[in-house]
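Report on one structure; see the data block that follows.
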């Protein structure tokens with residue numbers, strides 16, 4: 001029984017990671033006791049019968065009774081102790097080998113890192129410095145290690161804050177920059193300053209407190225960001241100037257154009273049929289051109305006013321805006337015998353006038369491009385996680401996929417003016433309105449089967465109500 005217990009303890013504790021424990025000691029004692037017990041059990045079970053054919057002198061034989069239990073136990077425990085010490089020494093050697101291999105790999109990772117690696121102790125002295133740190137800061141490893149970090153890579157105006165922060169952490173364990181990616185200004189050996197991004201961590205190495213940081217020079221990234229910001233600012237200014245120019249030009253052109261249109265229309269009424277056929281045709285061309293120019297200028301004014309004359313976004317009932325758009329299209333709806341179905345529409349944050357204009361343009365297009373069918377237009381809205389998606393669906397002529405983006409650009413037409421009227425500004429105006437509301441607009445369509453124009457507006461109405 002004791003042998004079984006000894007074997008069970010041996011296998012039970014073989015996965016224990018600690019080198020020494022009282023449980024292992026008890027297991028060793030049980031194993032040591034098991035050996036003499038098994039020996040004497042075997043001796044007690046054995047029977048020896050002297051041979052009658054041979055006479056042997058047994059006077060000098062060792063008596064079983066002279067085998068001391070205590071002696072055998074002591075020898076057994078000594079052997080087990082030697083085995084245990086050998087095992088501990090072997091384990092210690094293995095641990096040291098693993099630590100050495102881990103240290104080697106750690107060093108290799110640091111040396112091949114794309115970022116600079118800087119390590120500092122609790123006194124603020126540099127303890128480690130990789131090859132990338134040499135190229136980033138201009139100091140060689142031998143020059144940097146042992147130096148005060150604040151003196152060689154921190155600009156003078158930030159050194160006191162660095163010292164105070166280190167003292168505060170050592171005293172309280174609190175540090176505002178630990179385990180976070182931060183951007184600060186660093187100092188190069190040549191005296192120049194440059195932006196860096198770094199992440200600092202604190203580690204306890206034995207009894208030493210160390211601070212390790214991976215550092216990245218972000219000079220090029222900052223330069224690119226600044227260039228991007230400058231271009232965006234220039235583009236915004238250019239767009240604003242262009243919109244202002246379009247507004248002023250369109251506004252100033254209206255008066256002389258109105259005069260031209262008025263006199264050409266007067267000529268058409270007064271002299272129609274009194275001159276030859278060519279004269280009537282020429283006057284008709286002039287009237288048509290003046291009329292189209294008026295429509296174009298009015299659309300340009302509407303386009304430029306989206307941002308220059310837009311009202312503040314407020315909580316708006318999109319259903320009421322859609323109803324107003326349908327009312328404005330009453331004549332076109334009656335003429336084409338169109339059916340416009342409106343589902344339940346939400347409250348959104350919008351410019352009510354522009355939202356009405358958006359619905360009016362989309363519904364008007366659905367009625368216009370009906371392919372001689374009775375127009376059937378459906379308006380609906382569906383909520384998503386962060387926005388409302390509105391849809392205006394028709395069963396008209398449809399659009400080829402390669403034109404999905406083109407139709408939202410200024411003055412882009414897919415059909416001849418004689419087939420469908422318009423200036424080519426309507427959908428560009430729709431996009432501008434939607435983008436001013438922080439949304440986007442797109443189309444889904446199949447030629448001959450109709451189109452669905454969709455636009456999304458952020459879910460801000462509910463937050464505004466709160």
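Derivation of every value follows stated rules applied to the coordinates shown; laboratory data play no part. From a predicted model like this one, the values you see are computed outputs, not experimental measurements. Positions of Cβ are backbone-derived with ideal geometry, glycine not excepted, and every protein chain shown enters the neighbour counts.
A few comments on the model shown:
- Note on residue 262/residue 382: beta-carbon distance plugged into 1/(1 + (r/R0)^6) with R0 of 45 Å gives a FRET efficiency of 0.40.
- Extension gain (nm, one decimal) between residue 336 and residue 221, 0.36 nm per residue minus Cα-Cα: 35.6 nm
- Simple spin-label estimate for residue 452 and residue 140 in nanometres, 7 Å along Cα-Cβ: 7.1
- Counting every other Cβ atom within 10 Å of each residue's Cβ, 120, 259, 293 order from fewest to most as 259, 293, 120.
- A full extension of the chain between residue 315 and residue 373 corresponds to an added length of 17.2 nm, given 0.36 nm per residue minus the alpha carbon distance.
- Exposure proxy ranking, count of Cβ atoms within 10 Å, fewest first, for 395, 222, 374: 374, 222, 395
- Segment 378-396 versus segment 147-199: alpha-carbon centroid distance in Å: 53
- Förster radius 35 Å - calculated FRET efficiency between residue 171 and residue 114, Cβ distance, rounded to 0.05: 0.50
- Segment 312-465: equivalent-ellipsoid semi-axes (sqrt of 5 x gyration tensor eigenvalues, Cα, Å): 25, 17, 14
- Each of 129, 388, 442, 205 has some number of other Cβ atoms within 10 Å of its Cβ, and from fewest to most they run 205, 442, 388, 129.
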